[in-house]
Amino acid sequence: MVTTTGLELLDVTLLSLYVSGMATILGSAVGIPLGALIGLKEFGGKGAIKTITYTLYGFPPVLSGLFVYFLFSRSGPFGDFGILFTPTAMIIAETFLVIPLVTGITITSVVEVDKNIKETVRAMGASSRQSTLTVMREAWVGLLMACMVGFGRVIAEVGAAYLVGGNIDGKTRVLTTAIMLETRMGNFEWAMALGAVLLAVALCVFLFLRLLQEREML
């Protein structure tokens, strides 16, 4: 078998968490401020930008991988960095998948904050920055949900991870690419076992985030 139990399985699992976690953090770091800006500011073309953002919810992972592959391949503009077929390339590709999801959900979350809160804050003489921070605090539960959705998207992603990571044993193999490889080799029982590990990992992360979300709602 290509993947064995013990330390090798642990390495694959930890790499999956690392790549997905970093992509979620980076994507949220971009998507939350961007979504807040779009949701709270009025400007020309806002409707079109929101439509494009929501359309990118369905952005195919393989296209994200292809884009990153082009950028960092030897003939690409950033080929000298030499990060293709590394976890870094996988993180970048998956970050592009997280950004539109987090941005879109953030837009919805800040728009749905009670208008009375916004008006009250303004009536109290709060600055634009203070008003924005207040809205963001009120929309905290929705923002956490955005991060959860983003993580869920990338923890189960395989196309981009395989294209820019190469599924290299001991280097870029994650749970999803390992499942794909084991299935192709006919090791269906092991593939199912890896699938169970993937679900267990996702369950633990989402349970933690849900408990955090419920705590914030109290």
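The values are calculated or read from the model by the stated rules, or taken from the named source; none is laboratory data. On a predicted model such as this, the values are computed, not experimentally measured, just so you know. For neighbour counting, all protein chains shown are included, and Cβ atoms are generated from backbone atoms with ideal geometry for every residue, glycine included. To get the accessible areas, we keep the full protein, side chains included, count just its heavy atoms, and leave off ligands, DNA and RNA. Shrake-Rupley method; radii C 1.70, N 1.55, O 1.52, S 1.80 Å.
For region 192-208, a tally of residues being farther than 30 Å from Glu138 by Cα and either of a type in the set (S, T, N, Q) or open to solvent by 30 Å² or more (accessible area, probe 1.4 Å) (or both) returns 6. Evaluated against (1) buried (at least 17 other Cβ atoms within 10 Å of the Cβ); (2) on the phi < 0 side of the Ramachandran plot, Glu189 falls short on exactly one condition, (1). You will find that of Met185, Met136, Met192, Met180, the residue that is touching a helix residue (DSSP H, G or I) at 6+ places or on another chain (Cβ under 9 Å) and under 21 Å from Thr24 (Cβ atoms) is Met136 and no other.
Could you please find all residues in region 14-61 being among the small types (Gly, Ala, Ser), more than 30 Å from Ala178 (Cα to Cα) and open to solvent by less than 50 Å² (accessible area, probe 1.4 Å)?
Let us first name the residues in region 14-61 that are among the small types (Gly, Ala, Ser), namely 16, 20-21, 23, 27-29, 31, 35-36, 39, 44-45, 47-48, 58.
Going one step further and asking which of them are more than 30 Å from Ala178 (Cα to Cα), we end up with 35-36, 39, 44-45, 47-48.
Within region 14-61, Gly35, Ala36, Gly39, Gly45, Gly47 meet the criteria.
The residues on offer are Glu214, Glu157, and the sole one that is at pLDDT 90 or above and either part of a helix (DSSP H, G or I) or touching an Asp or Glu at 6+ places or on another chain (Cβ under 8 Å) (or both) is Glu157.
Table: residues versus (1) among the basic types (Lys, Arg); (2) surrounded by fewer than 14 Cβ atoms within 10 Å (Cβ to Cβ); (3) more than 23 Å from the chain's Cα centre (by Cα); (4) at positive phi.
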site	(1), (2), (3), (4)
Ser128	no, yes, yes, no
Arg153	yes, no, no, no
Ala160	no, no, no, no
Gly165	no, no, no, no
Ala178	no, no, no, no
Leu181	no, no, yes, no
Met185	no, yes, yes, no
Arg210	yes, yes, no, no
Arg215	yes, yes, no, no
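List, please: which pairs have Cβ atoms under 9 Å, are six or more places apart or on different chains, and start with a residue in region 75-92 that is more than 12 Å from Val164 (Cα to Cα) and without any contact (Cβ under 8 Å) to a residue 12 or more places away in the chain and end with one that is open to solvent by 30 Å² or more (accessible area, probe 1.4 Å) and among the charged types (D, E, K, R)? Hits for this filter: Asp80/Arg74. Of all residue pairs spaced 6 or more apart or on separate chains, those with beta-carbon atoms under 6 Å, a first member in region 102-121 that is over 18 Å from Gly47 (Cβ atoms) and in a helix (DSSP H, G or I) and a second member that is modelled with pLDDT under 90 and open to solvent by 60 Å² or more (accessible area, probe 1.4 Å) are Ile117/Glu138.
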